[in-house]
Structures are given as structure tokens and as C-alpha cells.
Amino acid sequence: MQKIRYISVFARAQHVLGEFFRLEAAGGIVLIAAAALAMLVANSPLADAYEVFRDTPLGPAPWGKSAHWWINDGLMAIFFLLVALEIKREVVSGQLSSRDQLLLPVVCAIGGVAVPALLYTALNHADAESMRGWAVPTATDIAFALGVLALLGSRVPLGMKLLLSTIAVADDLIAILIIALFYTQGLSLPALAGAAVVVVAMWGLNRRKVTHLAPYLGLGLVLWGLVLASGVHATLAGVVTGLMIPHYDRRNAIEDANEHSPLEALEHALHPYVAFGILPLFAFANAGLALGGLQVSDLAAPLPAGIGLGLVLGKPVGIVGAALLMRALGLARFPEGMDLRAMLGLGLLCGIGFTMSLFIAGLAFGGQGLHYTESVLGVLGASVVAALAGMLWLALVLPRAQAAR
């Protein structure tokens, strides 16, 4: 009976992952197109209209924030909600639910965060303002990376897709912790206390096995307002809400494959809106870098160079180095269908920082000024280089005829 139970869980996890890859790969292509469109518009006669779009206030005073603000602080909270749902599902019933599955992607993610941060610090340690961006090159954009993998079709082994997705999930978790710990300022204790009360209320609903999504989402909206007022970045309210949404209950007698999971229902409902709506809109609103006056030599400035080296060099060095260390110690092995060459290609694709890197750059430098412009330049340039290098390398080293999986 127990064996059948685990088989059913695995089958459902495979189905969910299949949906995840299909949506993320297609969404990644749309994301690339949105970023390219933003660059085109920002460097065309429509540049002024683009700035008007970003700066247009939405909502009545005093809530009349710009469209750019609502995208980054409002809609991106939904993105972080989805990230949290994916993390919880992976930890409870997916690729991060056992030690054997957990060890390799988590250690690779840690290596892929530490090495880029060290490279960035080596180039920018003398400038305190630039050092606020140390976390910019530590992120991986799963949608963008899977979009690139999709271009290689069935040649990509399933093990590579699984490892890339789980490294990205672990990477997102680290990014969430970094945002909470290092990009929070001007805390309001009353607002934080109110947020804590809301979190306790969500926890109480979970403990009482309430499976309706409405009370969680309603409290999540209240939590977003309180977190916004507290000085902590409001998108973290999405993270907390996602972690509080109930998954299936392993202690009951219902087969997990048949049990209603509010978490999976919400995740499935949100995916297309995030993949094809929120993330492309974020890309369009944040990737429009006006290139007038910029020169190729500007890429050699310490800030964009640190981001570029961190993403293009630091990511593969950290991830591949961690994987080789785990294999040498006998603690983990490469997934089926992957050798060292394929692992290097995966490491290169993890250098596509894009969405989360742009998001952290906005937090670090306030979304404006020379430092922000340089950080966007570094992220966009490095992400394009990492995508092209990873795709070309994998096109060379992956078997020409990979059986469909």
C-alpha cells in the first residue's frame, strides 16, 4: 500500500512538472520577446511614450503610484506567490522532498550564489554604493533558461530539465532570503506586528485544515498592505502567503493522487497569467534601457563588469564546481543523461539572471540613477551572453538524436 502511495505521488509530480516545463518554456520565449521589444521602444521615437507608460500614476491619491511601481511591487507579489507555491510543492512532494534529491541542486545553488557574489565584490569593494548590488548576479531566471532549452527540442535529457528547475527553485529561495535580510529598511514595528497577526491567522487556518483558497488570499492581500507599510519589500507577502497555502495531508487515508490540493490548484491557475502576463510585463517595464550615449567601454566599468563576470563566469564555476565536489565526495551523482560537458552547459544557462537580477537591481539602486543604468546594462548583456553561450555549447555537446521523453 505504501509503495502504491509513493508511485501515485511520483506520477502526480511528473504530471505537474510536465505542465511546469511546458508553460515556463513557452513563457520564456514570450519573456525574451518582451525584453527585446522594450529595448526597441526605448531606443526609438516612441521612447517618450515608453517613459509616460512607466510613470503614469494609477489609483487615487495617496495610493496613486506609477505603473512601474504597481508592476514591481504589486504584480510581482503574485509572481513571488507562485514561486513560494513551487518551492513548497517541491519540498513536500517533488524533487526536493528527499535528501538524495535535495542535496545536489541545493549545493549547486549555493555555489551559484556565492561565486558570483565574490566576483562582484572583488571588482566593487571600494565603492560602498556599488556594493549594494552584490546580490544582482546571484539569480537565475528559470523561465528564460527553459525557453532557451526549448529551442534544443528533444535533445535535452529530462534529467537536465529537472536539475535546472530544482537549482532555480533553490536559487529563488536564497534570493527571497537575501531580499528579506539585505534590502529592507525603515522598519515600522506596528505594521510588522499587524503582519505577524495575519500570518498567525493564516497558520491557524492551515492547522484547522481549511482548504478554501478565499480566506488565504484575502488575508494575503491584507498582509501585502501591512508588509508594504512595514518597510519590508511588499512582494515578500506573496512568499509568506504561498507557503501558508495547504498542500495534501500525508496523515489522512486519502490517496495523495486523488486528494484535492489547494496549493496545486492555485499554482495551476496562476501559471499562465504569470508566465504570459506578469513576467513579460515586468520585462517590458524594466528592460527598456536607452543606449544613447552609452559606449561598449561602459561594460568595463566595475559595476556592470562585476555583474557580467558574476553571471557568465561565476554561475557556471560555482554550479559545476559544487557538482564535481559532491560527485568526488560520493554524496551525489550527475542526473541520467548528463556528463560534465552537459553540466557546464547547464551552468552557463544558469547565468541568465534577467527577471530576479533586474528586480534586485531595482531594490539595490532605487530603480534610477547611473548605478541602476549600469546594473541593467550588466544584467541584459550578461543574460544574452549566457543564453547564447549555453545554447551553442549544448548544441555542440548534446547527442544529435535524443529519444523523446
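Residue selection: Ala38 satisfies the criterion of being at pLDDT 85 or above and surrounded by 16 or more Cβ atoms within 10 Å (Cβ to Cβ). One residue stands out among those in the range 43-68 that are touching a Pro at 6+ places or on another chain (Cβ under 9 Å) and outside any strand (DSSP E or B): the one that is modelled with the lowest pLDDT, which is Gly64. Here Ala290, Ala323 are screened, and the one residue that is outside any helix (DSSP H, G or I) and in contact (Cβ under 8 Å) with a residue 24 or more places away in the chain is Ala290. State whether the residues of the range 130-151 include one that is within 25 Å of Val274 (Cα to Cα), assigned to a loop (DSSP other than H, G, I, E, B), of a type outside the set (Ser, Thr, Tyr) and out of contact with any helix residue (DSSP H, G or I) (no Cβ under 6 Å at 6 or more places or on another chain). Yes; the residues of the range 130-151 include at least one that is within 25 Å of Val274 (Cα to Cα), assigned to a loop (DSSP other than H, G, I, E, B), of a type outside the set (Ser, Thr, Tyr) and out of contact with any helix residue (DSSP H, G or I) (no Cβ under 6 Å at 6 or more places or on another chain). Within the range 71-125, how many residues are in a helix (DSSP H, G or I), at pLDDT below 85, among the polar types (S, T, N, Q) and surrounded by fewer than 21 Cβ atoms within 10 Å (Cβ to Cβ)? Adding up the residues that qualify gives 1. Number of residues in the range 326-380 that are of a type outside the set (Ser, Thr, Tyr), in contact (Cβ under 8 Å) with a residue 40 or more places away in the chain and over 30 Å from Leu396 (Cβ atoms) equals 11. For Val296, only one of the following conditions fails: (1) of a type outside the set (S, T, N, Q); (2) over 22 Å from Ala33 (Cα atoms); (3) in contact with a helix residue (DSSP H, G or I) (Cβ under 9 Å, 6 or more places away or on another chain); (4) surrounded by fewer than 21 Cβ atoms within 10 Å (Cβ to Cβ). What is its number? Val296 satisfies all of (1) of a type outside the set (S, T, N, Q); (2) over 22 Å from Ala33 (Cα atoms); (3) in contact with a helix residue (DSSP H, G or I) (Cβ under 9 Å, 6 or more places away or on another chain); (4) surrounded by fewer than 21 Cβ atoms within 10 Å (Cβ to Cβ) except (3).
Taking the listed residues Pro304, Pro272, the one that is in contact with a helix residue (DSSP H, G or I) (Cβ under 7 Å, 6 or more places away or on another chain), assigned to a helix (DSSP H, G or I) and exposed (fewer than 14 other Cβ atoms within 10 Å of the Cβ) is Pro272, with no other qualifying. Does Ala26 meet the test of being closer than 21 Å to Gly381 by Cβ and modelled with pLDDT under 90? So Ala26 fails the test.
I'd like to check something: does the range 158-171 contain any residue that is in a helix (DSSP H, G or I), at pLDDT 85 or above and among the basic types (Lys, Arg)? No, there is no match, as no residue in the range 158-171 is in a helix (DSSP H, G or I), at pLDDT 85 or above and among the basic types (Lys, Arg).
The single condition from (1) of a type in the set (Ser, Thr, Tyr); (2) over 19 Å from Ile142 (Cα atoms); (3) at pLDDT below 90; (4) crowded, with 22+ Cβ neighbours inside 10 Å that Thr355 fails is (2).
Taken together, the residues in the range 136-161 that are of a type in the set (A, V, I, L, M, F, W, C) and surrounded by fewer than 21 Cβ atoms within 10 Å (Cβ to Cβ) amount to 4.
For the range 166-195, a residue qualifies if it is small (Gly, Ala, Ser) and within 25 Å of the chain's Cα centre (by Cα), and the qualifying residues are Ala168, Ala170, Ala175, Ala180, Ala195. Of all the residues in the range 175-219, those that are of a type outside the set (Phe, Trp, Tyr), surrounded by 11 or more Cβ atoms within 10 Å (Cβ to Cβ) and not in a helix (DSSP H, G or I) number 4.
The values are calculated or read from the model by the stated rules, or taken from the named source; none is laboratory data. Just so it is clear, the model here is predicted, and its values are computed rather than measured. Every residue, glycine as well, gets a Cβ built from its backbone with ideal geometry; the counts of neighbours run over all protein chains shown.
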